[in-house]
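Written below as structure tokens is the structure these notes are about.
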Amino acid sequence: MKTRWVQDGIFTLVDDVTVALTPPTRGFYWIDAGIEDLELLQPMFHLHDLAVEDCLSEEEQRPKIEIYDSHYFIVINSIRFDDEEIFLRALNIFLSKHVIITVTRQKINEIRALKPFLWEEEVNSADRFLYHLVDLVVDNYVAVGDRIEAKIEKLEEDILMATKKSHLNEIIGLRSEILWLKKVLVPQRDVIGTLGKKELRLIDHQLQKYFGDIYENAVKIVDTFDTLRDLMGNLREAYQSSLANRANDIMRVFTALTTIFMPLTFITGVFGMNFDNILGLHVAHGDEFVLAFMGVLGIAMYILFRKKEWL
């Protein structure tokens with residue numbers, strides 16, 4: 001757990017967390033805590049039992065905002081995509097007038113990337129800290145959406161070039177990830193909408209307009225993942241069509257080869273009958289003539305089929 005006094009975007013480490021109980025003359029306190037630190041922080045800052053219970057729960061928490069007398073409890077999800085799987089990490093936030101507490105189980109990239117923004121904007125209040133944090137989280141969803149779209153396009157190219165069985169597993173896996181993610185995006189969009197529209201005493205009225213801008217981005221993200229879901233459906237159809245075309249190509253080759261060998265088989269069948277009086281049977285070099293004729297016939301049919309693109 002780290003406690004920082006933030007003034008005009010400048011961070012100052014505080015050794016004793018109890019200092020945060022007293023409002024600073026300027027700025028606010030940011031406590032970056034882990035789940036195990038809640039045992040100390042709950043009685044100290046009077047965190048609501050239900051909010052702490054949600055943080056301690058091993059079950060996946062839906063994004064939400066709970067309004068209590070002295071603080072707000074906000075749950076949003078950070079996203080990470082490693083080209084194989086989508087990971088969501090819960091970011092639990094306790095917001096009061098002069099203190100903001102972030103509680104996470106794993107490291108959140110957005111928290112580490114937040115400091116330059118706070119310094120550049122000379123952030124001096126907890127609600128503005130919350131705004132920049134939520135903005136970074138939403139921007140990361142946009143970046144992940146772009147990467148998933150690029151992966152879908154590459155997967156489509158690979159399927160059209162050379163269809164493999166592994167492609168189907170990739171399609172099913174990525175589609176299930178997108179559908180699962182959709183269940184999180186809608187409530188998270190609603191949480192951001194609440195921060196931008198509802199009258200909240202701990203968030204400055206002017207700042208709510210900026211939350212409204214984040215909300216518009218969150219709406220676009222929901223629409224983007226709707227489109228990605230549709231693209232995955234189209235990709236599956238492309239995979240099935242590619243398999244069907246591949247099967248047709250194989251059957252066409254087999255059919256052409258069978259057609260080539262049919263007259264050759266007929267000729268060998270005629271000359272293989274157990275009769276003495278067969279035309280050309282006793283002619284000198286007759287076998288060589290028949291073999292040459294079969295070779296020319298086979299080559300001619302092959303050239304004809306290649307010209308017509310049947311092979």
Legend entry - Potential extension, residue 107-residue 209 segment - 0.36 nm per residue separation minus Cα distance: 33.8 nm
Legend entry - Contour minus Cα-Cα distance for residue 289 and residue 146 (0.36 nm per residue): 44.7 nm
Inset, instruction - Rank these by accessible area, largest first, 1.4 Å probe: 262, 161, 294. - result: 161, 262, 294
Inset, instruction - Quick one: angle between helix 205-271 and the longest Cα principal axis of the chain, in degrees between 0 and 90, rounded to 10, please. - result: 10 degrees
Inset, instruction - State the percent of C-alpha pairs, over all pairs in segment 74-149, separated by a distance greater than 22 angstrom. - result: 24 percent
Legend entry - Gyration tensor (Cα) of segment 1-93, equivalent ellipsoid semi-axes in angstrom: 26, 18, 12
Legend entry - Rg to Rh quotient for segment 57-215, alpha carbon positions, Kirkwood Rh: 1.05
Inset, instruction - With runs of 4+ DSSP H residues as the only contributors, calculate the mean residue ellipticity of the chain at 222 nm using -39,500 (n - 2.57) per run, divided by the residue total and rounded to the nearest 500. - result: -21000 deg cm²/dmol
Inset, instruction - Report the label-to-label distance for residue 266 and residue 82 in nanometres (one decimal), using points 7 Å from each Cα along the Cα→Cβ vector. - result: 6.4 nm
Inset, instruction - With a Förster radius of 30 Å, plug the Cβ-Cβ distance of residue 223 and residue 22 into 1/(1 + (r/R0)^6) and report the FRET value to the nearest 0.05. - result: 0.05
Inset, instruction - Rank-order 213-223, 68-78 by packing density, defined as the average count of other C-beta atoms within 10 Å over each peptide's residues, highest first. - result: 68-78, 213-223
Legend entry - Residue of 300, 238, 256 that the Gaussian network model of the chain assigns the largest fluctuation, springs spanning Cα pairs under 10 Å: 300
Inset, instruction - Starting from the amide H of residue 92, placed 1.01 Å from N in the peptide plane, find each other amide H under 5 Å away whose residue is 5 or more places distant or on another chain. - result: 103
Legend entry - log₁₀ of I(q)/I(0) at q = 0.08, 0.11 Å⁻¹ - the chain, Debye sum with one point per alpha carbon: -0.53, -0.77
Inset, instruction - Of the listed pairs 2/115; 151/220; 97/198; 97/197; 97/220, which have alpha-carbon separations greater than 25 Å here? - result: 97/220
Legend entry - Accessible area of the chain belonging to carbon and sulfur atoms, whole % at 1.4 Å probe: 55 percent
Legend entry - Pairwise label distance in nanometres, residue 236 with residue 115, each label 7 Å out on the Cα-Cβ vector: 4.6 nm
Inset, instruction - Starting from the Cα of residue 154, draw a straight line to each of the lysines and keep only those under 21 Å, dropping any in the same chain fewer than 8 residues away. - result: 164, 165
Legend entry - Nonlocal amide H pairs with residue 10, under 5 Å, H built at 1.01 Å: none
Inset, instruction - Enter the accessible area per residue of the chain (Å², integer; probe 1.4 Å; all protein chains in place). - result: 58 Å²
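The values are calculated or read from the model by the stated rules, or taken from the named source; none is laboratory data. Given the structure is predicted, the values throughout are model-derived calculations rather than measurements. All Cβ positions, even for glycine, are placed from backbone atoms using ideal geometry, and neighbour counts span all protein chains on display. To get the accessible areas, we keep the full protein, side chains included, count just its heavy atoms, and leave off ligands, DNA and RNA. Shrake-Rupley method; radii C 1.70, N 1.55, O 1.52, S 1.80 Å.
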